[in-house]
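Structure first, commentary second.
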Amino acid sequence: MSRYYVTTPIYYVNDAPHIGHAYTTLACDVLARFMRLDGKDVRFLTGTDEHGQKVEKAAAEKSIDPLTFTDEISQNFRNLADAMNFSYDDFIRTTEARHITSCQILWRTIAERDSPKGRKNIYLDKYAGWYAVRDEAFYTEGELQDGPGGQKVASTGAAVEWIEEPSYFFRLSDWQEDLLRHYAENPDFIAPKSRRNEVVKFVEGGLNDLSISRTTFNWGVPVPDDEDHIMYVWLDALTNYVTAVGHPNVDDALWEYWPADLHMVGKDILRFHAVYWPAFLMAAGFALPKRVFAHGWWTNEGQKISKSVGNVIDPFDLTQRYGLDPIRYFLLRQVPFGNDGDFSHKAMVHRLNGDLANDFGNLCQRVLSMIFRNCAGKIPPSHGLQEEDFAFINGIAGCIEELRELMEAQAFHQALELIWQHVGNANRYVDEHAPWELRKTNPDRMESVLYTLAEGIRNLALLTSPFMPDAMARVFEQMGVDVDQRGFDRLGSSNALASGTQLAGKPQPIFPRFLEEEGD
C-alpha cells in the first residue's frame, strides 16, 4: 500500500484560532480523506507551535507561565480540529519531550556535517539586525519600509526592532546553488507557480547566513551543549514534520512516511518552508518534502481581516450558523485554491441554497422519495440496464481519474466543479426520463431509471465524501450503504447497489435551505 503524508503548519499559540487556520487544515483533511478512500496509507499531521518570544510576552501579559498559557491555547486549536471534523492522525506540540529531543538531535546532525563549500554548517558569531517579534523573523534593511510614526516595519506590516546578541548561524548562503538546482529539477516542488517564482527570485538574489539561536529570552528549546542559547523558533517549529514520523529513530516504522508528500502553508510563511526548511534538511542529509503549497488569505465582506477592525471570522460561529459541511464546501469551492478569497454572507447563502440544497440535496430528496413511495422503500430491481444507464453511472465513476490529478494539484475548486457537472447531469437524467410518468406507462422501466439514479447518487456521494463527510454519510445511511462499501474501489456499475436494499425510512433533506435572517 502506498503512503501519503500531509501536514498543516503548526499553528502559533499567541491567539485564538480563526478562519485561516480552519482553511489550511480543511484542505489537508480533504486530501487525507481522498487518499484514504483511494486506498493509500495516510498520515495527516497538525499541531501547535508553542515557543518563542511572542508566546513568552503573551503569557507575561496574562501573568501566567508560558506552559500554562500554551496548554490553554493549544487545546483551543485541538477543539477547532475536532469541531471541524478533521481526521488528523497526530496532533503535535513543540513543548513535548519527543519534539525537544528531535530538535536537539537534528541540530547536532546539521552541526556535524559540512556545507557544500566544505565549511561547518553551524558557527557561533554575533547577530546585529532587524527582528520582528510578531513574525518571529529576521529582515534585511531592503525588506523594510516606513510605518506609522516613522517606525520601521516589515513587508508584513510587523514592527521590527534592532537587536544585537551572540548567535549561532546556519550557513544558508552555502546552500543557495543546491536550492536553485532543486527548484529547477523539481518544478512542482513549490506551488502555485506564482509563489514558486517569488521564491526562486528571492534565492537568486543571494542568501545571507541565518541566525538560528537567541539569548535574550529563554522560552524555547535549549541549544545542545550551550544552554545560554535557545533555538530560533522556526528551526524548532519546522522540525515537527520529522518529529511526528519518528525522528530521531529512523528505524521507527513511522519514518517510512518521510519525505512528506505535501506541506500545506499560508503564503506568509512560504519562505520558511521553501527556503530554510529544505536547506536544513539538505544539511542534515535528509530527503526533501515532495511539495510545498502556499494558499491565499480570506477577507471578510471585502475588508482585510483584522482584530483591530473587529471583523475576525470565527470558524465556530460559522459552523453554528450555516452548518459544518456547507462551510467546508464553500471554502474550497468559492475561489481557486492558492488565490485570496472573500467571505460574504450572500455568497455563502448562494452556495448553500443553490449548489447544495437545490442541486445535490434536491436530487437526493426527489430520487429517494420516489423509491420510498413507489418501490416499497427498497432499492428497485434494475431489470437489465440500458446502454445509456451504464453510460450515466460509469460517467460519474470514471471521473475519478481526473479527480486524482486535480487533487494531486490541490485544485479543489476544479474538483468540486467536475463533481457538480455530474450532479447537473443527474438532475437532467431525472427530468428527461420522468419516472413519475413511467410509473403509469412502464413500471419496469421506472424501476430501472430509479435504480440508475440511486447508483448515480451513490457514486456522487463517494466522490463528494472527502469534502462533506457528514452529509454524504447521511446519504449512505438513507440508502443502506454499509461503511465498508464507501471506498473508491466501490465506484462504477460493477460495484452496484443490491436491489432490495431497504432505505432507512422516509428520506430526510441532506441540505436544508438556509432561511434568510431578518436584516440580512
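The values are calculated or read from the model by the stated rules, or taken from the named source; none is laboratory data. This structure is a prediction, so every number in the text was calculated from the model and none was measured. These accessible areas exclude ligands, DNA and RNA; they are computed on the full protein's heavy atoms, side chains included. Shrake-Rupley method; radii C 1.70, N 1.55, O 1.52, S 1.80 Å.
Measuring between alpha carbons in the structure, the pairs from LYS267/LYS346; LYS54/LYS290; LYS193/LYS290; LYS62/LYS304; LYS40/LYS290; LYS304/LYS346 lying more than 21 angstrom apart are LYS267/LYS346; LYS54/LYS290; LYS62/LYS304. Of the residues MET282, MET446, ranked by 1.4 Å probe accessible area with the largest first, the sequence reads MET282, MET446. Global size of region 369-415: 16.2, 45 Å for Rg and Dmax (C-alpha atoms, Rg to one decimal, Dmax whole).
Summarising the amide proton neighbourhood of ASN339: residues at separation of 5 or more, or on other chains, whose placed amide H is nearer than 5 Å comprise GLY296. For region 1-144, DSSP calls about 25 percent of its internal beta bridges antiparallel.
Rolling a 1.4 Å probe across all protein chains gives TYR232 an accessible area of roughly 0 Å². Rounded to the nearest angstrom and listed largest first, the equivalent-ellipsoid semi-axes of region 50-128 from its Cα gyration tensor are 33, 20, 10. Taking every Cα-Cα distance in region 104-250 and sorting them into 10 Å bins starting at zero, the pair-distance distribution P(r) comes out as 10, 32, 39, 17, 2, 0 percent. Remark: the chain carries 41 Å² of accessible area per residue (probe radius 1.4 Å; ligands, DNA and RNA excluded). Working note: 222 nm ellipticity from helices only, DSSP H runs with n ≥ 4, each -39,500 (n - 2.57), summed and divided by the residues of the chain, gives -13000 deg cm²/dmol to the nearest 500. Starting from the Cα gyration tensor of region 118-203, take the square roots of the eigenvalues, sort them a ≥ b ≥ c, and report rounded, prolate or oblate (rounded when a/c is under 1.5, otherwise prolate if a/b is larger than b/c, else oblate). It comes out oblate by the Cα gyration axes. Put ARG196, ARG373 in order of accessible area, highest first, and with a 1.4 Å probe you get ARG373, ARG196. Evaluated over the Cα positions of region 329-431, the convex hull gives a direction-averaged projected area, one quarter of its surface, of 8.0 nm². Shape class for region 1-153: oblate, because the ratio a/c of the largest to smallest gyration tensor axis (alpha-carbon atoms, square roots of eigenvalues) is 1.5 or more and b/c is at least a/b. Normalising the Debye intensity of region 238-285 to I(0), with uniform scatterers on Cα atoms only, and taking log10 at q = 0.33 Å⁻¹ returns -1.28. The Kirkwood hydrodynamic radius of region 1-79, based on inverse pair distances between different Cα atoms, is 13.9 Å. Under 1.5 on a/c is rounded, so check that first for region 94-155, then, if it is not, pick prolate when a/b is larger than b/c and oblate when it is not; a ≥ b ≥ c are the square roots of the alpha carbon gyration tensor eigenvalues. Judged from the Cα gyration tensor, region 94-155 comes out oblate (a/c at least 1.5, b/c at or above a/b). Here the 3J(HN,Hα) profile of region 56-71, calculated from phi with Karplus coefficients 6.51, -1.76 and 1.60 at θ = phi - 60°, is 4, 5, 4, 5, 4, 5, 9, 6, 10, 6, x, 5, 4, 4, 6, 4 Hz, Gly and Pro shown as x.
The share of C-alpha pairs in the chain whose separation exceeds 44 Å stands at 25 percent. Take every Cα-Cα pair in region 269-339 and report what % of them are more than 21 Å apart. That fraction is 49 percent. Return the carbon/sulfur percentage of the accessible area of the chain, one whole number, probe 1.4 Å, all protein chains in place. Carbon with sulfur: 47 percent of the solvent-accessible area.
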